[in-house]
Amino acid sequence: HALKTPLSVVINEARANRDPAALKIVEQTELMRRQVNHYLDRARIAAQADVIGITTEIEPVIDRLVRVMSRLYGERGIKLISNVPDAARFRGEQQDFEEIVGNLVDNACKWARTRVSVTATYRPPDGRDDMGKLELRIDDDGPGLTAAEVEEVTTRGHRLDETKPGSGLGLSIVTDLVAMYRGTLRLERARIGGLCARVE
């Protein structure tokens, strides 16, 4: 927390100037601030991961994300579809779920040719020791990734294509969040030809 105020001061001072060096300082300090917020979030999740009773209904969250992304990528003709059971729940905070799905859907839309699908399957908890299971699949019909490229894109801050917008932190943030919730993220070939991001 002690870093947040000095970073804000640096950003505000740099924004007061319009020269290229100041713009670069703003860009890099914004990245630093995002990293600080990310690690604060990780600490929060670690503290709450074992708290019983924090659940999020996922259908409204995914519906909202699909609507937002449809507007953002509509000019490219990207069609987004979702198939989520009404009963599906995420054992965790809505903000974290939005971060996971939002990053993965945004990545899929950036690379898709014409469509992206978001599918969820859900098995509710069965007894005290069974927390149930939620699986998400985000599929696109883009070029997909080779095994070597999958390893590269999961490296923090690395992007395969610098022309695509973003900081390159999306997938590594997702990986960290999923791990904090004791889940898994796999990148594989999609049923529709591109990349499938599968989260359990």
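The values are calculated or read from the model by the stated rules, or taken from the named source; none is laboratory data. All figures in this text were calculated on a predicted structure; none of them were measured in a lab. Note: ideal-geometry Cβ built from the backbone for every residue, glycine included; neighbour counts use all protein chains shown. Please note that ligands, DNA and RNA were not included when accessible areas were found on the heavy atoms of the full protein model with its side chains. Shrake-Rupley method; radii C 1.70, N 1.55, O 1.52, S 1.80 Å.
Largest first, what is the accessible-area ranking of 69, 180 with a 1.4 Å probe? Walk me through the numbers on the way to the answer.
Details: 69 15, 180 40 Å².
Output order, biggest surface exposure first: 180, 69.
Quick check on region 100-158: take the gyration tensor over C-alpha atoms, sort the square-rooted eigenvalues as a ≥ b ≥ c, and tell me if it's rounded (a/c under 1.5), prolate or oblate.
Numbers: a/c = 2.91, a/b = 1.80, b/c = 1.61.
Prolate, because a/c is 1.5 or more and a/b exceeds b/c.
Once the Cα atoms of region 52-91 are picked out, what are the Rg and Dmax in Å?
Using the Cα atoms of region 52-91, the pair Rg, Dmax is 12.7, 43 Å.
What is the dipole size for the chain, taken about its Cα centre, with +1 at each Lys and Arg Cβ and -1 at each Asp and Glu Cβ, in debye to the nearest 20? Numbers along the way, then the final one.
Numbers: 30 positive and 31 negative charges, 68 e Å.
Charge dipole of the chain: 320 debye, to the nearest 20.
Could you tell me how many cubic angstrom of Cα convex hull volume the chain has per residue? Don't jump to the answer; show the numbers that get you there.
Details: hull volume 27.3 nm³, N = 200.
For the chain, the hull spanned by Cα atoms encloses 136 Å³ per residue.
Give the peptides 86-97, 7-18 in descending order of average Cβ contacts within 10 Å, highest first.
Values: 86-97: 17.6, 7-18: 13.0.
Highest to lowest by the protection proxy: 86-97, 7-18.
Would you kindly find the accessible area of residue 5, with a 1.4 Å probe and non-protein molecules such as ligands, DNA and RNA excluded, rounding to the nearest 10 Å²?
Using a 1.4 Å probe on the heavy atoms, I get roughly 90 Å².
Can you order the peptides 144-152, 101-109, 116-124 by their average number of other Cβ atoms within 10 Å per residue, highest first? Kindly include the intermediate steps, with their values, before the conclusion.
Values: 144-152: 12.4, 101-109: 22.7, 116-124: 19.2.
Going by the mean number of other Cβ atoms within 10 Å, highest first, we get 101-109, 116-124, 144-152.
Quote the relative contact order of the chain in percent (integer), defining contacts as alpha-carbon pairs under 8 Å separated by 6+ residues. Spell out each step's value before the answer.
Values: 304 pairs, mean separation 34.9, N = 200.
Relative contact order of the chain: 17 percent.
What does the helix-only formula give at 222 nm for the chain: each DSSP H stretch with n ≥ 4 adding -39500 (n - 2.57), the total divided by the residues, and the result rounded to the nearest 500 deg cm²/dmol?
Details: 6 runs with 93 residues, N = 200.
Theoretical 222 nm ellipticity from helices: -15500 deg cm²/dmol.
First check a/c for region 1-42, with a ≥ b ≥ c the square roots of the eigenvalues of its C-alpha gyration tensor; if it is under 1.5, answer rounded, and if not, answer prolate when a/b is larger than b/c or oblate otherwise.
On the way: a/c = 4.49, a/b = 2.05, b/c = 2.19.
Cα axes put region 1-42 in the oblate bin.
Let me test this: with uniform point scatterers at the alpha carbons of region 1-115, what is the Debye-based log₁₀ I(q)/I(0) at q = 0.10, 0.21 1/Å?
Scattering profile of region 1-115, log10 relative to I(0): -0.48, -1.06.
Taking only complete DSSP H runs, can you tell me which helices of the chain stretch 24 Å or more along their own long axis by Cα positions and average at least -0.5 on the Kyte-Doolittle scale? Each step should come with its number before you reach the end.
Numbers: long enough: 20-48 (42 Å, -0.47); 94-111 (26 Å, -0.52).
Span-like helices in the chain: 20-48.
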